[in-house]
Amino acid sequence: MEKLCGELEAVLFVSGEGLSVAFLAEKFGVKEKEIQTAIDKLQKKYGGESGVHLIKYRNNYQFCTNPNIAESVASVLNPVREKSLTRAALETMAIIAYKQPITKPEIDEIRGVGSDYAVHVLLQNDLISVVGKKEALGKPILYGTTDTFLKRFELPDIDALPSYEQMMEKLKTIETTDLFARTS
């Protein structure tokens, strides 16, 4: 089991993307239960205060930075910090997360103001993507969240989205962290 854990740890580290238990079991030539047992061990090892966490999203596993130290890592690795998300972008992202698939005119109606720039920023940051076109006059574009959104909010899938109140609290935390990063 220790050898499998080590090999699995290396593969998950190097892959840079999420891998499913079924895929890993097939590639390692072992049963899915063995992979899951090894993943459970790795999640214990890479949890809590560890700088790296093993997360699950959309039934895939991937290593990511511990969210509690993500800002410290970003400040070291990104001397020129990317533009932080504005309140309008965060608000737009929450609307898309809860109402997806949704069109820009529908977002604008909910917000009461235009969302062109916010949608553009969210697309650039890969937090949302085009998921289709609505069967309506003009066939407006439909937007939905991405895997990057799930990873940033540590959600295994969209069904695990917290209540609206919890999401707004998490958005405030991100906004406060982004504000702190801009002023330090």
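Each value in this text was obtained by applying a stated rule to the coordinates, not by laboratory testing. Not measured: the values here are computed from a predicted model. As a convention, Cβ positions derive from the backbone with ideal geometry for all residues, glycine included, and neighbour counts pool all protein chains shown.
The table below gives the values:
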| read-out | value |
| --- | --- |
| Dipole magnitude of region 17-60, debye to nearest 20 (Cβ charges: Lys/Arg +1, Asp/Glu -1, about Cα centre) | 80 debye |
| Theoretical gain in end-to-end length, Glu154 to Lys31 [0.36 nm per residue, Cα-Cα removed] | 41.6 nm |
| Computed over region 53-166: relative contact order in percent, which uses C-alpha pairs under 8 Å that are six or more apart | 26 percent |
| Ranked by how many other beta carbons lie within 10 Å on average, peptides 120-126, 142-148 from highest | 142-148, 120-126 |
| FRET E, pair Lys134, Tyr98, Förster distance 25 Å, beta-carbon r, rounded to 0.05 | 0.90 |
| Estimated inter-spin distance, Glu109 and Gln166, nm [label 7 Å along Cα→Cβ] | 2.9 nm |
| Simple spin-label estimate for Glu7 and Val73 in nanometres, 7 Å along Cα-Cβ | 2.6 nm |
